[in-house]
Structures are given as structure tokens and as C-alpha cells.
Amino acid sequence: MNHSHLNRGIIHIDMDAFFASVEQRDHPELRGKPVLVGGSVASRGVVSTCSYEARVFGIHSGMPMARALRLCPSGVFVEVNFRKYSEASRKIMKIFHSITDLVEPMSIDEAFLDVTENHLAQPDYAAVAREIKERIYAETELTASAGVSYNKFLAKVASGWQKPNGLTVITPEEAESFLERLPIEKFFGIGKVTAEKLHRMNVRTGIDLKALSPELLTAHFGKSGVFYHQIVRGIDTRPVETVWERRSYGRETTFPRDTGDLRKLRVTLRILACNVSRQLEHSKLNCRTVTIKLRYDDFQTVTRSASFPKPLATGADLGAAAVALLRKTEAGQRKVRLIGVSVSNLAGADVVEQCEAQQLYFDFIPEKFRK
Ligand code: TTP
Ligand code: MG
């Protein structure tokens with residue numbers, strides 16, 4: 001068996017009761033109290049999050065505020081203040097980037113880090129996680145929970161294991177028995193509906209899930225069945241992907257009529273390239289790789305790309321590079337239905353701009369509050 005999937009150091013960090021903790025930090029009189037952050041009862045708002053003191057009342061994110069206050073009459077309602085949360089978020093994202101370049105933000109208060117190689121040159125991944133927690137506290141006076149393991153799935157489960165202010169390490173040796181005892185609903189990636197379906201199949205913990213064949217799992221859950229079969233064995237080879245690996249900047253267009261006219265293809269590519277270039281400029285980015293995509297009239301789709309040692313500076317450069325790639329296709333001989341340009345190998349933005357472009361960072365933040 002190939003054990004190379006056991007060699008990575010993956011950390012998942014998730015801030016504790018994030019919005020509520022920021023409020024408790026800034027209003028000391030709220031510390032130790034059940035705090036409900038969200039929209040007001042008058043505006044029929046819901047709970048964004050609540051402090052751990054409020055969770056014992058059964059309150060959770062998404063619950064109508066009116067209901068939450070009925071469940072917990074001593075709860076203190078605080079209206080959301082996104083500016084403060086995004087400021088704290090920027091700080092933690094910067095800290096992650098001070099540790100490793102491989103950071104995958106998952107939401108405003110959460111990220112995966114691949115620390116196999118890290119800027120601390122620290123081979124003890126638990127020590128790296130401790131250092132991150134300390135830096136977060138020093139910088140923001142907030143606590144985070146960390147999960148440390150050799151893949152994303154286990155790191156994510158681990159970070160939620162001892163919240164708040166937790167640090168949980170799952171080593172390759174521990175993973176098997178940990179997973180066997182893990183309740184199905186705690187498997188990250190197994191949603192509520194699937195968990196209920198598995199319960200009906202008498203699957204309660206990892207050990208029950210492990211007994212099911214990949215064929216049976218596929219029959220019931222399609223492609224996800226294969227994933228379940230793997231994760232219950234501690235196998236998850238998904239890489240930690242930076243924002244740019246996940247986000248593609250591109251433009252494409254479908255012609256009203258399929259075309260074999262090379263001049264028209266070139267002009268179209270140049271226009272698309274200018275659009276992409278403007279998009280990059282707007283985000284203060286540059287790229288080193290350009291890719292073109294062609295769909296022929298029979299729907300066969302091909303891509304061709306080229307990378308350059310220096311960033312492509314202007315829309316014209318990008319257009320020229322794209323047009324040059326046309327020679328590597330059958331444009332001119334075959335009719336083309338769709339053409340597109342995209343760029344990758346992006347650089348230049350700071351982490352916050354990257355996250356903003358990804359739109360992920362501000363999942364919960366209305367437009368008017370951003371920046
Ligand atoms: P979470 O990390 O899911 O929750 P949390 O940080 O408040 O608590 P935990 O200790 O369990 O991690 O979400 C981060 C923030 O995102 C949260 O503080 C508020 C916001 N949020 C919403 O606004 N609505 C939602 O439905 C959820 C889940 C989160
Ligand atoms: Mg959190």
C-alpha cells in the first residue's frame with residue numbers, strides 16, 4: 001500500500017463563536033453572558049451566531065431572533081457589526097499567510113493550511129497550530145480552535161472536536177480507531193439528509209460505514225458513495241487550494257453562427273483578452289499563464305495554454321498570447337462555435353483582495369458593509 005497520503009501536515013482553523021466573541025471582546029460587560037448576534041426582532045432577523053454561554057439554551061445560527069430570545073430571556077441581543085468582523089478576519093488571514101503560502105479560506109473565520117512546508121521551518125505540526133493560535137490571540141484577543149492531521153477531512157473534524165479554544169491532533173496511527181468511533185453525523189461532508197438515510201440503514205458510526213462495500217455505497221449515494229468509502233478509511237487526498245487555484249478569471253462567447261473565419265476568431269480573442277485584463281486590473285492582479293478554449297461545431301472542446309516567465313502586463317499582451325495559441329488548434333480548418341480566454345498563475349493581490357475576489361470571505365457580509 002502507498003502511504004504517501006499520510007505525510008502531509010494539514011491544519012484547519014475555525015474561530016470560536018466568531019461574531020459573538022468580537023462583541024464580547026469589545027464590550028467587556030458582555031463577557032460570560034449569553035450573547036445573541038444577528039438581526040433585530042423588529043426586522044424579523046435571525047441569529048448569526050451566539051456565544052457559548054447561549055448555546056446551552058439550544059440556540060444556533062439561523063434561528064429566528066424572536067425564538068432565540070424566548071428560549072433565553074437573559075440573552076443580550078447585539079446587532080451585527082460586519083466592519084469589525086471583517087477587520088478581525090483580515091488579521092487572521094494574514095497570520096495564516098505568515099505561516100504558509102498554501103491557505104484555503106473557507107469562510108470569514110475558517111481556513112485550511114497546508115503546513116507540510118511552513119515558514120517557521122517547524123516539522124512538528126501541532127507546534128505550528130499552537131503558534132497560530134497564539135498569534136491570533138496576540139493580534140486579535142480572540143480564540144480559535146485548531147485541528148491537525150494529515151488530510152483536510154480529518155483536520156476539519158479535529159478542529160470541531162474540542163471547541164472552544166481547542167487543539168486536536170489526529171495522527172495517522174490514531175485515525176483508524178478515531179473514525180471507527182465517529183458518529184456518522186459528525187463526518188464532515190455527510191449532510192443531514194445522508195446521515196438520516198444512513199441511520200435508516202443502521203449505520204451509526206464509522207465502523208458501520210466501513211462495513212459497506214463501495215458498490216453498495218455508490219448505488220445509494222452515487223459519486224459521494226466513493227468519497228464516503230475513502231474518508232472512513234482516512235483517505236482524502238484533496239489538496240489545500242489557494243484562492244487562485246479555485247478561481248478562474250475568464251471570458252468566453254458563443255458565436256451566433258459557427259465560424260471558420262480566422263480573422264474573426266483573432267479579433268474576438270483580442271476583445272475577450274481586453275475584458276479579462278480589465279478584470280485583472282480591477283483586482284490589482286497580473287497573470288503568467290493564458291489559456292484559450294475552443295468548441296468546434298461538433299461540440300468537441302479543446303484548450304491550449306502558454307506560460308511566461310514574466311507577467312503579461314497589458315490587455316494587448318494577453319491578446320497577442322491568446323492569438324498565438326490559435327495556431328495550436330484546428331481553427332480555420334474546422335468551424336468554431338465558442339471561443340474563450342482565461343488566465344491563471346495570478347499574483348499581485350494581497351490576501352484580503354484574493355478573498356474578496358473569491359466572494360467567499362464575505363459570504364455573510366452585505367455589499368454595503370464591505371471594506
Ligand atoms: P461558524 O464558524 O459556523 O460559527 P461560529 O464561529 O460563530 O461558532 P463556532 O465556535 O461553532 O465556530 O461561523 C462563523 C461566523 O459566520 C459566525 O460567527 C457568524 C457567521 N454566520 C452567519 O452569519 N450565519 C450563519 O448561518 C453561520 C453558520 C455563520
Ligand atoms: Mg467559527
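The values are calculated or read from the model by the stated rules, or taken from the named source; none is laboratory data. Source: prediction; values computed, not measured. Neighbour counts are summed over all protein chains in view; Cβ atoms, including those assigned to glycine, are modelled from backbone coordinates with ideal geometry. These accessible areas exclude ligands, DNA and RNA; they are computed on the full protein's heavy atoms, side chains included. Shrake-Rupley method; radii C 1.70, N 1.55, O 1.52, S 1.80 Å.
Numbers for the structure displayed
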| read-out | value |
| --- | --- |
| Hz values of 3J(HN,Hα) by residue in segment 172-183 - Karplus curve (6.51, -1.76, 1.60), Gly and Pro given as x | x, 5, 7, 4, 4, 6, 4, 5, 4, 8, 6, x |
| Per residue, in Å², the accessible surface of the chain once ligands and nucleic acids are set aside, probe 1.4 Å | 50 |
| Percent accessible area from carbon and sulfur atoms, segment 4-116, protein chains only, probe 1.4 Å | 54 |
| Neighbour net charge for Gly9 - beta-carbon separation under 10 angstrom, K R +1, D E -1 | -2 |
| Phi to ³J(HN,Hα) by Karplus 6.51 cos²θ - 1.76 cosθ + 1.60 over segment 188-194, Hz, x for Gly, Pro | 5, x, 9, x, 4, 5, 5 |
| Cα-projected label distance for Arg70 with Ala121, points at 7 Å along beta-carbon direction, nm | 6.2 |
| Reach of Lys293 by Cα under 24 Å, taken over lysines that are not fewer than 8 positions away in the same chain | Lys264, Lys310, Lys328, Lys335 |
| Compactness of segment 171-242 as Cα Rg over 2.2 N^0.38 Å, two decimals | 1.07 |
| Angstrom value of the Kirkwood radius, inverse mean 1/r, which spans all Cα pairs in segment 203-285 | 17.4 |
| Relative contact order, percent, the chain [alpha-carbon distance under 8 Å, six or more residues apart] | 16 |
| Once the Cα gyration tensor of segment 18-84 is diagonalised, semi-axes √(5λ) in Å | 16, 14, 9 |
| Spin-label model distance (nm) - Lys91 vs Thr254, 7 Å beyond Cα toward Cβ | 4.9 |
| Share of carbon and sulfur in the accessible heavy-atom surface of segment 204-293 [1.4 Å probe, %] | 51 |
| Accessible-area value, Val226, 1.4 Å probe, nucleic acids and ligands omitted, Å² | 70 |
| Cα shape, the chain, gyration tensor, a/c 1.5 rule | prolate |
| Most to least packed among 307-313, 88-94, 165-171 [average Cβ atoms within 10 Å] | 88-94, 165-171, 307-313 |
| Mean Cβ neighbour count within 10 Å, used as a protection proxy, ranking 17-25, 30-38 highest first | 17-25, 30-38 |
| Among Ser177, Val193, Gly225 the positive-end extreme of the charge dipole of segment 171-242 (Cβ point charges) | Val193 |
